[in-house]
Each structure stands twice: as C-alpha cells, then as structure tokens.
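Colleague: Got a structure here, written out as structure tokens. Questions coming.
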Amino acid sequence: MPQERAGAATFLGNPLTVIGPELKPGNKAPDFTVLANDLSPVTLAKTAGKVRLISVVPSLDTPVCDAQTRRFNQEAASLGDKVAILTISMDLPFAQKRWCGAAGVERVQTLSDHREASFGLAYGTLIKELRLECRAIFVVDSNDTLRHVEYVKEISTHPNYEAALAAAKGAISARA
C-alpha cells in the first residue's frame, strides 16, 4: 500500500493528502511510465544520459501551471540539448498537445500520468482527494540521481525557478 502524507500539500489553504514517498536529493530517481502526446509510453530511461528537469503541474489549463510550463520552455534555450525538460500532469495527452500548440511550447515535452498515476505514485506527487499531481520540480542527473527536489506546499503558488535551473546547470557541469 502506497504511503500517504496527510497535509503534505494545500490548495487555497485547505490540506490535502499526497500519495507516495517524499523523495530527497541524493535518492535514485524512480522509474515511471507516462504517455506522450502521441500516446506512446515514456519512461525515465527514454532520456537516459541527459539531465532531466521534471516540472510537475496539476493542470496546464490553470494560470500558474501555464506560466510554469512557459517559463521552462523559455529557459530551455539556455540549458541546451544536454537537458530534457519534461512537464508531467494528469491532463489527457490530447489536451496537452492542444495546449502546447496554442501556447507555442516546443522545447518542453508534456507527458500525461492520467492512465496509471505511475509518476505520481513513484515521486510522491499524487493528490488523493483530487487525483491530480501536486506542484513539484525534480532535477535528475545523467546517472539517474535526484539533484534537486521541490514539493510546493501550496499548489496555487509558483516553484523556485532559479533553484531548479541552477541545479540543472550544476548537473550539466558535473557531467562534463
């Protein structure tokens, strides 16, 4: 039975239960299976050898999630091709594809966890009451070790973009 963390997240101040472990920097990044916009399965191994910046959002169709995904899309150019930026939500792949087209987001790969909640259960981001992901950022180095972990307590607030970007750049430098 997966671990439940009562009150690990809030929405507009109301406590929510998050299912799954609370990961820490230094932990091995758990594997997962999510769906790409074309419905093909994507696992952690699909981006092996790269630094991964994983941005987790409740839904692309909300203002903070929209801004978060656009921000990482904009920052992608400065990170280069050594970093894969993944945005994971419970949105359906079709909705993610539509949103990316409308938003002009081309450097971030949107992935859907709606089918099995594989990512949410493995990374401790699945909100029990809503069956949505809580807001979180993970930076995984090319050796599949977590270099940065941020679970955003209040899901209607922004993550620390600068800390995540610094961790991704640090993981690139460590790899070189």
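Colleague: Could you please find all residues in region 22-55 being over 25 Å from SER78 (Cβ atoms) and either within 15 Å of the chain's Cα centre (by Cα) or among the charged types (D, E, K, R) (or both)?
Modeller: The answer is GLU22, LEU23, LYS24, LYS28, PRO30, ASP31, PHE32, THR33, VAL34, LEU35, ASP38, THR43.
Colleague: Does region 28-42 include one or more residues that are modelled with pLDDT of 95 or more and closer than 21 Å to GLY170 by Cβ?
Modeller: Within region 28-42, one or more residues are modelled with pLDDT of 95 or more and closer than 21 Å to GLY170 by Cβ.
Colleague: Residues that are crowded, with 19+ Cβ neighbours inside 10 Å: find the strands (runs of 3 or more DSSP E) completely inside region 1-118 holding 2 or more of those.
Modeller: 4-11, 14-19, 33-35, 51-56, 83-89, 109-112
Colleague: Another question, then. Do you know which residues across region 131-157 are in contact with a strand residue (DSSP E or B) (Cβ under 7 Å, 6 or more places away or on another chain) and in a loop (DSSP other than H, G, I, E, B)?
Modeller: Matches in region 131-157: CYS134, ARG135, ASP141, SER142, ASP144, VAL152, LYS153, ILE155, SER156.
Colleague: On to the next question. Looking only at residues that are under 17 Å from the mean Cα position of the chain (by Cα) and among the polar types (S, T, N, Q) in region 154-176, which one is surrounded by the most Cβ atoms within 10 Å (Cβ to Cβ)?
Modeller: SER156
Colleague: Can I ask one more? Identify, from the list GLY20, GLY49, the residue that is at pLDDT 95 or above and among the small types (Gly, Ala, Ser).
Modeller: On inspection, the qualifying residue turns out to be GLY20.
The values are calculated or read from the model by the stated rules, or taken from the named source; none is laboratory data. Note that the structure is a prediction, hence the values are computed from the model and not measured. Every residue, glycine as well, gets a Cβ built from its backbone with ideal geometry; the counts of neighbours run over all protein chains shown.
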